[in-house]
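First comes the structure, then the notes that go with it.
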Amino acid sequence: MTDGTAANDVESVDSFRDRARRWLEDNLPPAPPNQLGETSKSAAAWTRAKELQRILYDGGFAGICFPKEYGGLGLTPTHQRAFSEESRDYEMPLALNIPTLTICAATILDMGSEEQKRTHISAVLRGEELLVQFLSEPRGGSDLAGLTTRADRKGDSWVLNGAKIWSSGAYAADYALCLARTDWDVPKHAGLTMFLVPVRTPGVTVQQITQVDGSREFCQEFFDDVVLPADAVVGQVNGGWETANRQLFHERSAVGGASPYSSGIQSHSGRDVSGLVDLARRTGQLADPRVREDIGEARALNMVHDQLIARITHGIGSGALPPAAGSIVRLFSAQNSWLQADMAVRIAGASAATGTTADDAGFGQAGQDYLMRQAWSLAGGSTEMARNIISERVLGMPREFAADRDIPFNQVEHGH
């Protein structure tokens, strides 16, 4: 898909924007004050997100950049950006963006079988399925390719055993993209396979993890002799690292706010200063020069962020930049999110720690966002990993030393 190069039979962006503006006004309620999309994902919030996604689908505004044959509209990222801008003031299914729409469905679109695309992308766009990622492991740290969850071939089936952790929203999900080791006799990157795992199938146990802000979005999963059919493989057997790399590309793009597959704009990527303006107004500081400077700086960085997304997206699309360049946006997004979280706390003052009622939800939210600011150093891979990717795969600097490189995984020493 080429950004902004619609074919003659494709609706113009201006016409699409006008039609979307009228439809949003008639069909969706105003955005709630705490519309975040990343936290507060209760069971009711997931149900509401699915309802909103169905409203978008029935209204002809779901999956703007997904192909028509899988239930989308087959339009360009420019159409998506226009819709996201118009939808900013309305209640949107933001909870479905990460990881369902922008990461998992996008990966299935790139790497899945035709049946997987037709079945799962269509279901996601109708608001009927939630997808999650089973990638990180309790002992794995940042070494994703060093995973030890295993899948063994048994006749026409696979049997999955092991554990995953830090899976966003797994307790509410229907399917997960799960990376497992299927060959232990080859180096670590070569023996992996991606599977599409039904989360509620026998043998899968999901436990929620309580985070520092009290939310319980992250989960840990245990697999005990989970039987998967042969067609659960996404991509090629032992070619899972290629699928995972595509998934990580979409993850970095989503976390950085650059994915063309989202429904609305995520607030965490720091691209909306309206919350800072509202905090300043409600605390009587809108005329304060220091506060105005902060908000001005945030606004300027948001403009840089948007331009960076446009430049990197165009560079990757044209082949001038490698897909790894998406890490530049992801790194900038994290730093921008930290900056704005810090600004919000400075403006809210002590209320950031005490505001909890509906009337002062903005104050309390500033404190919650501050507690979660470090998450944006980890989501989509740590900032250290992003810097490594940029240095090695974009700038061409020497690779970091790895003691297990090119060694069969069953000969690599592991801690106990």
Subset of region 80-116 (residues that are open to solvent by less than 10 Å² (accessible area, probe 1.4 Å), farther than 15 Å from LYS50 by Cα, of a type outside the set (A, V, I, L, M, F, W, C) and touching a Lys or Arg at 6+ places or on another chain (Cβ under 8 Å)): THR107
In this structure, is VAL329 in contact with a helix residue (DSSP H, G or I) (Cβ under 8 Å, 6 or more places away or on another chain), farther than 22 Å from ASP278 by Cα, in contact (Cβ under 8 Å) with a residue 24 or more places away in the chain and β-branched (Val, Ile, Thr)? yes
Are any residues in region 62-96 hydrophobic (A, V, I, L, M, F, W, C) and more than 24 Å from ALA173 (Cβ to Cβ), and if so, which ones? LEU73, LEU75, ALA82, PHE83
Those residues that are at pLDDT below 85 and under 23 Å from the mean Cα position of the chain (by Cα), I need them from region 336-367; list them, please. GLN365, ALA366, GLY367
Looking at region 206-258, which of its residues are hydroxyl-bearing (Ser, Thr, Tyr) and open to solvent by 30 Å² or more (accessible area, probe 1.4 Å)? THR210
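Residues checked against (1) under 29 Å from TRP166 (Cβ atoms); (2) open to solvent by less than 30 Å² (accessible area, probe 1.4 Å):
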{"site": "PRO30", "(1), (2)": "no, no"}
{"site": "ALA43", "(1), (2)": "yes, no"}
{"site": "THR47", "(1), (2)": "yes, no"}
{"site": "TYR57", "(1), (2)": "no, no"}
{"site": "ALA62", "(1), (2)": "yes, yes"}
{"site": "PHE66", "(1), (2)": "yes, yes"}
{"site": "TYR70", "(1), (2)": "yes, yes"}
{"site": "GLY74", "(1), (2)": "no, no"}
{"site": "VAL132", "(1), (2)": "yes, yes"}
Among the residues that make up region 389-398, is at least one of them assigned to a helix (DSSP H, G or I), surrounded by fewer than 14 Cβ atoms within 10 Å (Cβ to Cβ) and over 20 Å from the mean Cα position of the chain (by Cα)? no
Tell me whether region 120-130 contains one or more residues that are among the charged types (D, E, K, R) and farther than 19 Å from TRP46 by Cβ. no
Is it the case that GLY169 is touching a strand residue (DSSP E or B) at 6+ places or on another chain (Cβ under 7 Å), at pLDDT below 95 and open to solvent by less than 30 Å² (accessible area, probe 1.4 Å)? yes
Is region 65-79 home to any residue that is in contact (Cβ under 8 Å) with a residue 12 or more places away in the chain and in contact with a strand residue (DSSP E or B) (Cβ under 7 Å, 6 or more places away or on another chain)? no
Suppose the filter is part of a loop (DSSP other than H, G, I, E, B) and either more than 20 Å from the chain's Cα centre (by Cα) or surrounded by fewer than 17 Cβ atoms within 10 Å (Cβ to Cβ) (or both); does ALA298 pass it? no
Every pair of residues 6+ apart whose Cβ atoms lie under 8 Å, when the first sits in region 380-407 and is modelled with pLDDT of 85 or more while the second is in a loop (DSSP other than H, G, I, E, B) and open to solvent by 60 Å² or more (accessible area, probe 1.4 Å): GLU384/SER142; MET385/SER142; ASN388/GLU400; SER391/MET397; GLU392/PRO398; GLU392/ARG399; GLU392/GLU400
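The values are calculated or read from the model by the stated rules, or taken from the named source; none is laboratory data. Values in this document were obtained by computation on a predicted structure and should not be read as measured data. Cβ sites come from the backbone with ideal geometry, for glycine too, and all protein chains shown count toward neighbours. Just the protein is used for accessible areas: all its heavy atoms, side chains included, with ligands, DNA and RNA removed. Shrake-Rupley method; radii C 1.70, N 1.55, O 1.52, S 1.80 Å.
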